[in-house]
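First up is the structure itself, then whatever we jot down about it.
The values are calculated or read from the model by the stated rules, or taken from the named source; none is laboratory data. None of the values given here were measured: they were computed from a predicted structure. Here the Cβ is made from the backbone with ideal geometry for all residues, glycine too, and neighbour counts use every protein chain on show.
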Amino acid sequence: MRINIYRILSAASCFLLINGALFAQQTEIRYLSGTDKDHTVPWEFFCTGGMNSGKWTTIPVPSNWELQSFGAYNYGHDEKGNGKKKSTEQGLYKRRFIADKTWANKQIEIVFEGVMTDTEVKLNGQVVGPVHQGGFYRFQYNITQFIKPGVENLLEVNVSKVSADSTVDNAEREGDFWVFGGIYRPVYLKILPASFVQRVAIDARADGKFAMDVFAEQVKEGDEITAQVKTLKGIAFGKPFTATVTNTSEKIQLSNSFTNPKQWNPEFPNLYTVEVSLRRKGKVVHVFHQRFGFRTVEVRKGDGIYVNGVKIMMKGVNRHSIWPESGRTLSRKIHLKDIELIKDMNMNSVRMSHYPPDPEFLDLCDSLGLFVLDELTGWQNKYGTPVGEKLVKEVVTRDVNHPSILFWDNGNEGGWNTDLDDDYALYDPQKRVVLHPWSNFNNVDTKHYPDYSYVEKAAEKGDVLLHTEMIHGLYDGGHGAGLDDYWKLFRKNPRHAGGFLWVLSDEAIVRKDLNDSLDTDGNHAPDGIVGPHHEKEGSYYAIKEIWSPVQVAKPTLDKSFAGKLSIENNYLYTNLSSCKFKWELLKFPLAKNKKTGHTVITSGNTSIAMAAGKTGTLQIALPANWANADALSFTAIDQYGRALYTWVWPIQQPATIAELNIAATKKPAAAIKESVEGKMLSIICDGIRYDFDISTGYLTTVTKNQQLIPFGNGPVLAGEKQTLQKIKHSKLGSNKYEVEAEYTGDASLNVKWIFASGSPVKLEYSYTQSKAADFYGISFNVDESKLKGMKWLGAGPYRVWKNRLKGAPLSVWQKKYNKAITGEVISYPEFSGYHGNVYWITVETAASSFTVYTDKEDLFVQMLKPRKASTTFIPHVNPPFPEGNFGFLNAIAPIGTKFRAANTMGPQSQKNNPVSGSVSGSLWFEF
């Protein structure tokens, strides 16, 4: 079948694909498979083992056969890691097709974009070439002598999931990722004229210097190779330039120089096309097109990484090629979504972990703008030299012309064969630097998962730092947690070039043998910033704020504020004159209002010209009555219309917001009743009964309309043992009552409950905290079984950790109760955990909701305790919580990563320092 140019370019970008019957000098592409996971073609199929084996049937191509209910599933750690035996099935494929008669006297090649793992190809019963080994690479065969034009041809492909080369198995199938089988990327025929251009390798420099190696086949002396550079709109850029074939060597070299080319970088991803024509005696024999960009990459020893003469910082993430329902068989839609997520987090870089991606993904990185590290497979194990040399050639010749690729990664974490280091330059005229991720090689220290002290000490060394993996994101740990401190430290070191978070998405797959459940192989693969179907976790928004290329200092919104904001341009290439800025004055709904979010009172736009890397002051023209608003929001918008981040800064303090809400709840005053029975003190105020245990001083239960409200048993001083020293209670007139309790122990606590008829109950408290602690504050208990949801004015909607406070703007949020476990039970935002800067919170229960108002900024609310994952317990990503499950805290705990305890991750990741003096606050409870 034929396919439109747009789709063909996405699958094989090195060809201009036009119907060969009309344009004889063009390459024609004939797909034998589909083009992606959503556009497949059924092939005959026989699986030798596992699910649905031992019978001929059909399978969609491309696909991984496990995801189509064939064979057996394996994760790379199986056998060595958990003792699960590796499956060894084979897949036998057949595809019948008619070869056009017009293909006679042309060269026909069959191209496989990716097959796992060993591939034997037969056409019409004859083996067309040696078995290909390696599951992540494009390979092809010249099948001209085997094809039969004008009649039906039989293609047979025998795929062995396990390679006959043990080094291929070690490099590819013992890694920390899922391992599959099958023809999982497209298969197509290339129909070429008798003499043709096979490929080119381009070195286009930022200063306009252009060199190109042209690899042509069946050329003759006197043939001419002419090149014309064009814009993507087809407008000629510069004049054509030509080289004459003087011998039949493998490549012909052309060079030229262009004036003021538009350079490629991730902020301005300018691209061109070179049209390469093969002429014989003045007649065009073949035309070949290749997209490229002008840019220069340098590693300056002891200095940094430069692109187009600009020192760069990579804000990156590692990316697996994965989708739960289709494994490694993806689509343009998924590639686009991954890149949109990456760029929306204000990242500028992506690392291909741990294998070359679909070529379409690299096309999109070129056109949308991302720095790329392209990687040869090898996870703590390496390819042998003979097979490795072939695979290096395949990945470099396929990907060499992508301007987005800055470096080649030779394997990962010890999975590099040093004999292959020099091979990359054989096929890359740009001579990109080769990295050994995890190691210090070629003057670049790519240390994985450094602790904070390593980065501090690295500032004393002369190496360029680029962490190819950092801040591991198992469950809700890492990623945004700790990133703020690390990033500040990175920026202080003039030799630091940034790093790549591990990893973009949870690598989960749908298990056909387990009722279509999602499987992350325990705690091996739930490491994403987003879930398996792109569900955003809290770290997503923290990263977005921390890595925003526009940074704005939080202003002091008091009477002295004159609309001036301190702003920093952290772009590499962009002047802020390209950006837009919008401000809004906000009003938040009262707690009794059913609305969430905010109302915009007034808004305005502003702008500023500021070069990359500079700081300055931006003026916003606020109205005279701006201080009547509840908050000021400020949004930075990039040149493409994408919101970089929206900051929301409070104008009104929590105590003022509490007064407004309390005023709206006033009821007629009525007499307060009291009674004492044994150790129980009962107070009835506004028809609500409050029971206190005199022996502990705790409010134990609250009853309204004969229904028990699921709240009580406090307040307790969080994390501290305390002993009641004294309690007193007294009636102050007919409509006021007070209960006071004093506690001593490792820390002191004083509480006073004030009941005033017609108003919410007020709790005044103060405490001392004399030692470093995971958290400070007071805590109660709620009956989790009765909870339906929560609504609050505060940071949200995601929970926070001490070392991940960013990315949670102030607003009125609401979420339903859920039992989410980040990376395992996906229902985001998670209900349980710490919530930041809470002004008020309504706890929604099955019986009766209640609201608590606060009086201090930066007060945290603990809502329940997060459930622990069902897999191996890792303490670093399971921070401590107070004994109670509903707390009002002045300080909370940080979270660590899979490999790092929190206290190794920087200042914000330490325990909380002792409090100087006492901490006091007030809460109002409206039941």
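Regarding segment 493-501, can at least one residue be identified that is touching a residue at least 24 places away in the same chain (Cβ under 8 Å), closer than 23 Å to F136 by Cβ and not aromatic (F, W, Y)?
There is at least one residue in segment 493-501 that is touching a residue at least 24 places away in the same chain (Cβ under 8 Å), closer than 23 Å to F136 by Cβ and not aromatic (F, W, Y).
Return the residue satisfying two criteria in turn: it lies in segment 138-162 and is more than 39 Å from the chain's Cα centre (by Cα) and not in a loop (DSSP other than H, G, I, E, B), and of such residues it is farthest from K122 (Cα to Cα).
The qualifying residue farthest from K122 (Cα to Cα) is P149.
Return only the number of the condition from (1) over 30 Å from M313 (Cα atoms); (2) crowded, with 17+ Cβ neighbours inside 10 Å that K587 does not satisfy.
It fails just one condition, (2).
Considering only residues of segment 229-268 that are part of a strand (DSSP E or B) and among the aromatic types (F, W, Y), which is nearest to E298 (Cα to Cα)?
Looking at the filtered set, the residue picked out is W264.
Is one or more of the residues making up segment 768-790 surrounded by fewer than 18 Cβ atoms within 10 Å (Cβ to Cβ), modelled with pLDDT of 95 or more, among the hydroxyl-bearing types (S, T, Y) and farther than 17 Å from K856 by Cβ?
Looking through segment 768-790, at least one residue is surrounded by fewer than 18 Cβ atoms within 10 Å (Cβ to Cβ), modelled with pLDDT of 95 or more, among the hydroxyl-bearing types (S, T, Y) and farther than 17 Å from K856 by Cβ.
Checking the structure you have, find out if any residue of segment 469-486 is more than 26 Å from P532 (Cα to Cα) and hydrophobic (A, V, I, L, M, F, W, C).
Checked against the condition, which is being more than 26 Å from P532 (Cα to Cα) and hydrophobic (A, V, I, L, M, F, W, C), segment 469-486 yields no hits at all.
Restricting segment 86-130 to residues that are in contact with a strand residue (DSSP E or B) (Cβ under 6 Å, 6 or more places away or on another chain), of a type in the set (G, A, S) and not in a strand (DSSP E or B), which is surrounded by the most Cβ atoms within 10 Å (Cβ to Cβ)?
Once the filter is applied, the top-ranked residue is S87.
Of all residues being farther than 29 Å from I620 by Cα, without any contact (Cβ under 8 Å) to a residue 24 or more places away in the chain and under 53 Å from the mean Cα position of the chain (by Cα) in segment 635-681, which is surrounded by the fewest Cβ atoms within 10 Å (Cβ to Cβ)? Just the residue, please.
Per the stated criteria, the residue is A663.
Among the listed residues G83, G135, which satisfies the condition of being outside the structural domain of D399 (by TED's automatic domain parsing), within 37 Å of the chain's Cα centre (by Cα) and either buried (at least 22 other Cβ atoms within 10 Å of the Cβ) or part of a helix (DSSP H, G or I) (or both)?
Among G83, G135, only G135 is outside the structural domain of D399 (by TED's automatic domain parsing), within 37 Å of the chain's Cα centre (by Cα) and either buried (at least 22 other Cβ atoms within 10 Å of the Cβ) or part of a helix (DSSP H, G or I) (or both).
Kindly list, by first and then second residue, each pair from a residue in segment 454-473 that is in contact (Cβ under 8 Å) with a residue 24 or more places away in the chain to a residue that is among the basic types (K, R) and part of a helix (DSSP H, G or I), limited to pairs with Cβ atoms under 8 Å and residues at least 6 apart or on different chains.
So the pair list comes out as A459/K492.
Only residues that are closer than 28 Å to S578 by Cβ and out of contact with any Pro (no Cβ under 8 Å at 6 or more places or on another chain): list them for segment 639-656, please.
Q639, Y640, G641, R642, A643, Y645
Across segment 61-79, which residue is surrounded by the most Cβ atoms within 10 Å (Cβ to Cβ) among those that are acidic (D, E) and in a loop (DSSP other than H, G, I, E, B)?
D78
Do we find that Q639 is at pLDDT 95 or above and out of contact with any strand residue (DSSP E or B) (no Cβ under 8 Å at 6 or more places or on another chain) in this structure?
Here the answer is yes, as Q639 does meet what is asked.
Condition check: crowded, with 19+ Cβ neighbours inside 10 Å, modelled with pLDDT of 95 or more, farther than 12 Å from R205 by Cα and aliphatic (A, V, I, L, M). Does V310 satisfy that?
Answer is no for this residue.
Limited to segment 323-361, what total is found for residues that are in contact with a helix residue (DSSP H, G or I) (Cβ under 6 Å, 6 or more places away or on another chain), assigned to a helix (DSSP H, G or I) and over 22 Å from A542 (Cα atoms)?
4
So which of L618, L576, L622, L586 is in contact (Cβ under 8 Å) with a residue 24 or more places away in the chain, in contact with a Leu (Cβ under 9 Å, 6 or more places away or on another chain) and either in the same structural domain as A497 (by TED's automatic domain parsing) or closer than 30 Å to W924 by Cα (or both)?
Residue meeting the stated conditions: L586.
Among the listed residues L474, L489, L483, which satisfies the condition of being over 20 Å from M352 (Cβ atoms), among the aliphatic types (A, V, I, L, M) and surrounded by fewer than 21 Cβ atoms within 10 Å (Cβ to Cβ)?
L489
Is it true that G462 is out of contact with any strand residue (DSSP E or B) (no Cβ under 9 Å at 6 or more places or on another chain) and not polar (S, T, N, Q)?
yes
Cβ-Cβ under 7 Å, sequence separation 6+ or interchain: first residue in segment 874-902 and of a type in the set (D, E), partner modelled with pLDDT of 95 or more. Which pairs?
Close Cβ pairs satisfying both conditions: E883/V716; E883/S779.
Looking at N412, N443, which is the one that is buried (at least 24 other Cβ atoms within 10 Å of the Cβ), in contact with an Asp or Glu (Cβ under 9 Å, 6 or more places away or on another chain) and within 30 Å of W487 (Cα to Cα)?
Answer to the selection: N412.
Determine, yes or no, whether K554 is assigned to a helix (DSSP H, G or I) and closer than 21 Å to A612 by Cα.
Against the criterion (assigned to a helix (DSSP H, G or I) and closer than 21 Å to A612 by Cα), K554 does not qualify.
Among what's in segment 719-734 and is polar (S, T, N, Q) and surrounded by fewer than 18 Cβ atoms within 10 Å (Cβ to Cβ), pick the residue that is farthest from the chain's Cα centre (by Cα).
S734
Any idea which of (1) in a strand (DSSP E or B); (2) under 31 Å from the mean Cα position of the chain (by Cα) is the one E844 doesn't satisfy?
Checking E844 against (1) in a strand (DSSP E or B); (2) under 31 Å from the mean Cα position of the chain (by Cα), the one that fails is (2).
So K457 clears everything in (1) touching a strand residue (DSSP E or B) at 6+ places or on another chain (Cβ under 7 Å); (2) of a type outside the set (V, I, T); (3) over 23 Å from K382 (Cβ atoms) except one condition, right? Which one?
Failing condition for K457: (1).
Search segment 362-378 for residues being touching a helix residue (DSSP H, G or I) at 6+ places or on another chain (Cβ under 7 Å) and either part of a strand (DSSP E or B) or among the hydroxyl-bearing types (S, T, Y) (or both), and hand back the single one that is surrounded by the most Cβ atoms within 10 Å (Cβ to Cβ).
Result: L376.
Considering each of K488, K457, K559 in turn, give the residue that is assigned to a loop (DSSP other than H, G, I, E, B) and over 14 Å from the mean Cα position of the chain (by Cα).
Answer to the selection: K559.
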